[in-house]
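Q: One structure coming up, written as structure tokens, with questions to follow.
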Amino acid sequence: MANVKKMKVGVLGLGYIGASHIDAIRRIPGCELYAVADSNYEYALSKAEQYGVEKCYRSLDELLEDRQIDVIHNCTPNHLHTEINTRIIQTGKHLFSEKPLARTYAEALELLETAGKHPETVCGVNFNYRMNPMVQEMKYRIKKGDLGDLLIVSGAYQQDWLLHDTDYNWRLEPEICGISCAVADIGSHWMDAVQHVTGSKIVEVMADLVTFMPYRKKPLKQAETFTNNAPAEYELRKIENEEYGAVMFRMDNGAHGIYHVSEMSAGHGCCFGIELNGTKSSMRWNQEENDRLWMGFRDGDNRYIIRNPNTMSDEVRRYTSLAMGHPEGWNDAFCGNIRAFYDYIRSDRSQPPVFATLDEAAYMVRLTEAVVKSSKERRWISV
Ligand SMILES: NC(=O)c1ccc[n+]([C@@H]2O[C@H](COP(=O)([O-])OP(=O)(O)OC[C@H]3O[C@@H](n4cnc5c(N)ncnc54)[C@H](O)[C@@H]3O)[C@@H](O)[C@H]2O)c1
């Protein structure tokens, strides 16, 4: 049998999400977790040792100089995405970037221009929720006509990691995160998944963004993302980015929608749900019940479709692996998204990618800006 050369992968930024990228890459055949890098070099060394990674670097420069590396995953905070992604693309290595693509739409456009000059480089952005098998199932059933014409879209993404005034993260700082916290961070996932399953675009928004805590206690020593240890020493920092947002929207297929995102909803870690109401049926999926898709009917029995590779269509089966009754979860969908990226690199690239492209990710930045503008100006904004 022909020996397929493994793609050598480098991961830059080994914080909260970098760890999930490492796990995913190690699960994908044809990939080798070859290098890790972080500006916190001690931490990078500990990760390299823990996973037996061949190379450990301090910076992007070192990753770029290593000619063995085929692909770089950019898992750094938002303010570094444009510059780092640009340099990766220019070096001719494939890029898998964390979302949001950029802090502003202007930055995202700059990156698109660079990418346009390097058509051989494959670029993907990690909007991982679209790759849950039952989200793919929803997309497949919509395409098949099971929903009828889409009328209404609704849902929410709720978390609670900003509930206390001692909760703090760079996502609250506009110079690092950009002008939005909740919408850019988790609303972008929700909007991407909705656009992906429906095949339609959100084209008008009307939003109400709220910052409940005008001041927060910023730890004087750097704290890990999403940990809830109250800092002993802190400075009071004024907060402008929102912790909550409600968004009404219209889509280019005539559907109407509403969603809200919150990082202050006690008891919720990752409550991500979408409901679609069409002229023939309704469909609802929630991340916390990953393996189930609810279908509702006016004139028939409502039912749950349970993830089962044996009964799923060929189109969807490839995105799931465990047998029915063996629950798949967030990590599996995350890995499935990254696997789709590597499958695409190895393919003849004639089919459109199923993972989020730079164009799609840039549109999310554009939508986020429109949402912020709408809330500030208290009016509908067309995108
Ligand atoms: N797809 C998802 O579900 C998901 C979930 C969480 C975070 N994210 C995204 O991932 C990115 C990182 O978020 P996080 O929560 O992991 O942040 P984090 O703060 O936990 O980790 C960031 C890491 O990057 C390192 N870093 C910072 N500057 C660097 C530089 N110049 N060179 C190399 N390393 C550098 C830091 O030392 C840290 O280890 C963000 O853009 C975020 O939006 C995506």
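The values are calculated or read from the model by the stated rules, or taken from the named source; none is laboratory data. Because the structure is a prediction, the values reported are computed rather than measured. Methodologically, a virtual Cβ is constructed for each residue, glycine included, from the backbone with ideal geometry; neighbour enumeration extends over all protein chains shown. Ligands, DNA and RNA are excluded from the accessible area calculation, which covers all protein heavy atoms including side chains. Shrake-Rupley method; radii C 1.70, N 1.55, O 1.52, S 1.80 Å.
Q: Can V194 be described as open to solvent by less than 10 Å² (accessible area, probe 1.4 Å), modelled with pLDDT of 95 or more and outside any strand (DSSP E or B)?
A: Working: open to solvent by less than 10 Å² (accessible area, probe 1.4 Å): yes; modelled with pLDDT of 95 or more: yes; outside any strand (DSSP E or B): yes.
Here the answer is yes, as V194 does meet what is asked.
Q: When residues of segment 8-46 are filtered for being basic (K, R) and within 20 Å of I88 (Cβ to Cβ), how many remain?
A: 1
Q: Considering each of G278, G267, G245, G254 in turn, give the residue that is under 23 Å from T198 (Cβ atoms) and either of a type in the set (S, T, Y) or surrounded by fewer than 13 Cβ atoms within 10 Å (Cβ to Cβ) (or both).
A: Residue meeting the stated conditions: G254.
Q: Name the single residue that is surrounded by the most Cβ atoms within 10 Å (Cβ to Cβ) among those in segment 13-25 being within 6 Å of the ligand (Cβ to nearest atom) and among the aliphatic types (A, V, I, L, M).
A: Of everything passing the filter in segment 13-25, L14 is surrounded by the most Cβ atoms within 10 Å (Cβ to Cβ).
Q: List pairs: first residue in segment 100-127 and at negative phi, second residue basic (K, R) anywhere in the structure, Cβ distance under 7 angstrom, at least six positions apart or on different chains.
A: From residues that are at negative phi, the pairs are Y105/R366; V125/K99; N126/K99; F127/K99.
Q: From the residues in segment 155-178 that are more than 14 Å from the ligand (Cβ to nearest atom) and open to solvent by less than 30 Å² (accessible area, probe 1.4 Å), which one is nearest to T211 (Cα to Cα)?
A: A156
Q: Moving to a separate point now. So E62 clears everything in (1) more than 11 Å from the ligand (Cβ to nearest atom); (2) part of a helix (DSSP H, G or I); (3) among the charged types (D, E, K, R) except one condition, right? Which one?
A: Against the list (1) more than 11 Å from the ligand (Cβ to nearest atom); (2) part of a helix (DSSP H, G or I); (3) among the charged types (D, E, K, R), E62 comes up short only on (1).
Q: Additional query: Among the residues that make up segment 225-243, is at least one of them among the hydroxyl-bearing types (S, T, Y), within 16 Å of the ligand (Cβ to nearest atom) and modelled with pLDDT under 95?
A: yes
Q: Something else now. Are any residues in segment 99-120 open to solvent by 70 Å² or more (accessible area, probe 1.4 Å), among the acidic types (D, E) and either modelled with pLDDT under 95 or in a helix (DSSP H, G or I) (or both), and if so, which ones?
A: E110, E113
Q: Hey, another quick one. Any residue that is closer than 19 Å to N337 by Cα, within 8 Å of the ligand (Cβ to nearest atom) and open to solvent by less than 20 Å² (accessible area, probe 1.4 Å) - is there at least one of those in segment 4-12?
A: yes
Q: So, in segment 195-211, of the ones that are over 12 Å from N253 (Cα atoms) and out of contact with any strand residue (DSSP E or B) (no Cβ under 6 Å at 6 or more places or on another chain), which residue ends up nearest to the ligand (Cβ to nearest atom)?
A: The residue in question is H196.
Q: Considering segment 121-154 alone, what residues qualify as being away from the ligand (no atom under 16 Å from the Cβ) and in a helix (DSSP H, G or I)? Give the steps one after another, and end with the answer.
A: Keep residues of segment 121-154 that are away from the ligand (no atom under 16 Å from the Cβ), which gives 121-122, 133-134, 136-154.
Residues satisfying the conditions are P133, M134, Q136, E137, M138, K139, Y140, R141, I142, K143, K144.
Q: Also, I was wondering about something else. Among the residues of segment 318-338, how many are open to solvent by 40 Å² or more (accessible area, probe 1.4 Å) and in contact with a strand residue (DSSP E or B) (Cβ under 9 Å, 6 or more places away or on another chain)?
A: 2
Q: Still on this structure, please answer the following. Looking at segment 311-330, can you tell me whether even one residue there is among the small types (G, A, S) and within 16 Å of the ligand (Cβ to nearest atom)?
A: Taking segment 311-330 first, the residues among the small types (G, A, S) are 313, 321, 323, 325, 329.
From the residues that got through so far, the ones that are within 16 Å of the ligand (Cβ to nearest atom) too are 329.
The answer is yes, given that some residue of segment 311-330 is among the small types (G, A, S) and within 16 Å of the ligand (Cβ to nearest atom).
Q: For residues that are under 23 Å from I176 (Cα atoms), without any contact (Cβ under 8 Å) to a residue 60 or more places away in the chain and either within 10 Å of the ligand (Cβ to nearest atom) or not in a helix (DSSP H, G or I) (or both), tally how many sit in segment 81-96.
A: Total meeting the criteria: 3.
Q: Scan segment 35-50 and tell me whether some residue there is out of contact with any strand residue (DSSP E or B) (no Cβ under 6 Å at 6 or more places or on another chain), away from the ligand (no atom under 14 Å from the Cβ) and open to solvent by less than 70 Å² (accessible area, probe 1.4 Å).
A: Checked segment 35-50: no residue is out of contact with any strand residue (DSSP E or B) (no Cβ under 6 Å at 6 or more places or on another chain), away from the ligand (no atom under 14 Å from the Cβ) and open to solvent by less than 70 Å² (accessible area, probe 1.4 Å).
Q: Considering only segment 292-315, how many residues are under 20 Å from I338 (Cβ atoms) and either at pLDDT 95 or above or part of a loop (DSSP other than H, G, I, E, B) (or both)?
A: 2
Q: Has segment 207-226 got at least one residue that is within 15 Å of R103 (Cα to Cα), part of a loop (DSSP other than H, G, I, E, B) and either among the small types (G, A, S) or open to solvent by less than 20 Å² (accessible area, probe 1.4 Å) (or both)?
A: No, that holds for no residue.
Q: Being open to solvent by less than 20 Å² (accessible area, probe 1.4 Å) and either among the small types (G, A, S) or without any contact (Cβ under 8 Å) to a residue 40 or more places away in the chain (or both) is the filter here, so list the residues in segment 281-295 that pass it.
A: Correct list: S281 only.
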